[in-house]
Each structure stands twice: as structure tokens, then as C-alpha cells.
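Each remark here refers to the structure printed beneath this line.
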Amino acid sequence: WIAMWAALARRYSVNATVVGMGLKNEPRKVCAGRSWNGQGNLCDISFLNVSDHSGVCVQASWASGPMHLQYRLAVQRAGQAILRQNPRFLISICGLDYGTHFE
């Protein structure tokens, strides 16, 4: 994810019409099983490295819980990677869970 943002920043750093990048739009809870009341696609959350969690849902936090689910650290690292490519870029981030989680 971070390498992808760095590559995009490098690609568009010479384009004067690109002034910034918006990282991840409102990350929210991901649950195993079928979405849309059992009618949607099957979601496999094993890629989130959640073996140490109980329950069937995983949710990022701003700065607490397991490090691999801390949103602040992820956007901080991605922002730094972008700014190494173009220090003039404006970087925006959304709050967690539809922008209503201001922990």
C-alpha cells in the first residue's frame, strides 16, 4: 500500500495539475462471512493477520490495539513516502468508520 502511494507520487510529481493525494477513504470494520445480510460476497479476513483476535470482525483504530491495525501509523508512513517523492503535495486523510470516529 505504501509502495503504491510512493509510485503514484513519483508518477504525478511532474504533473502540475496534481496538488495532493487522499489516503484511504474512511476505513471501517471488516467482518468475515457474507456481506449484505448474507446475500453478498464472502469476505475472508485472514489477510488482515487477525489470528490473535477473537470474534469475526476486525477494525482499525487510530493509535491503539495491534500495531498492524493502527491507522495513524499507516497513514503517517504513507504520507512520508509520498512527501519523499514530492514535498509539495498536500495529503489528506479521512477519519475512521465513515469519518465519525474521532478517538
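A few comments on the model shown:
- Put simply, when 66-75, 8-17 are sorted by average Cβ atoms within 10 angstrom per residue, most first, you get 66-75, 8-17.
- Here r is the Cβ-Cβ distance between Thr17 and Leu73 and R0 is 35 Å; the resulting FRET efficiency, rounded to 0.05, is 0.70.
- Placing Met21, Met4 in order of accessible area, with the largest value first and a 1.4 Å probe, yields Met4, Met21.
The values are calculated or read from the model by the stated rules, or taken from the named source; none is laboratory data. Treat the numbers as computed from the prediction; the structure is a model and nothing was measured. Cβ sites come from the backbone with ideal geometry, for glycine too, and all protein chains shown count toward neighbours. Side chains included, ligands, DNA and RNA excluded: accessible areas come from the protein's heavy atoms. Shrake-Rupley method; radii C 1.70, N 1.55, O 1.52, S 1.80 Å.
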